[in-house]
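In what follows, a single structure is set out as structure tokens and then discussed.
What follows draws every value from the coordinates through simple rules; no lab data is involved. All figures in this text were calculated on a predicted structure; none of them were measured in a lab. With ideal geometry, Cβ positions are generated from the backbone for all residues, glycine too; neighbour counts draw on all protein chains shown.
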Amino acid sequence: MSSVSRWEQVVEGIKVEVLEFSDTVESVDKASKLSGEPSSKIVKTLLLKVGDSFVVAVVRGDRRVDYGKASKVFGLPVTLAKREEVLNILNVEPGAVTPLSSRVRSLNVVLDPAILVNEYILCGGGSTKRLYKVKTSDLVEYLKPIIVDIFK
């Protein structure tokens, strides 16, 4: 059984509750199980390759990117970035990506509108053993994303 430590911290100017686990939380299923939160309150931060450039998608945990819909919206082929691309561009391993990052913020960000129904969400915390609990409104204000439904 994984144990969890909790404390408050300011990350990128935003007050968050840090949840640090003894086990990894690199998938929505594990994050949901270990945090006790439903997958609809967990978000994935994914790096997408759009043509020759990159976009970050912040997706509600119980939804997925619809690559056909995304390709239509962007007018270019859209794929999930490879591990090496995530490491080079975001400087973290896949599964450890946090939206509260200056590297994420430097890219165009697409936010799943289904996230907006939640007062708060849990997102990656920059480590495969850490999640951040953050107010949804603070996350939106920080990222200044394009809110468009390219998800299913």
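What does the charge dipole of segment 4-147 about its Cα centre add up to, to the nearest 20 debye, if the Cβ of each Lys and Arg holds +1 and the Cβ of each Asp and Glu holds -1?
Computed about the Cα centre, the dipole is about 220 debye.
Sequence-distant or interchain residues sharing an amide H contact under 5 Å with THR98, placed H: which?
Distant-sequence amide H within range of THR98: GLY126.
Which net charge results when you count Lys and Arg as +1 and Asp and Glu as -1 among the other residues whose beta-carbon is under 13 Å from that of LEU143?
Result for the neighbourhood of LEU143: 0.
Roughly how many nanometres apart are two label points built 7 Å out from the Cα toward the Cβ at VAL10 and ALA114?
3.5
Which whole-number percent is the relative contact order of segment 4-147 (Cα, under 8 Å, 6+ apart)?
28
For LYS33, which lysines qualify as cross-link partners when the Cα separation must be under 21 Å and same-chain residues fewer than eight apart are set aside?
Candidates past the 8-residue exclusion: LYS41, LYS44, LYS129, LYS133, LYS135.
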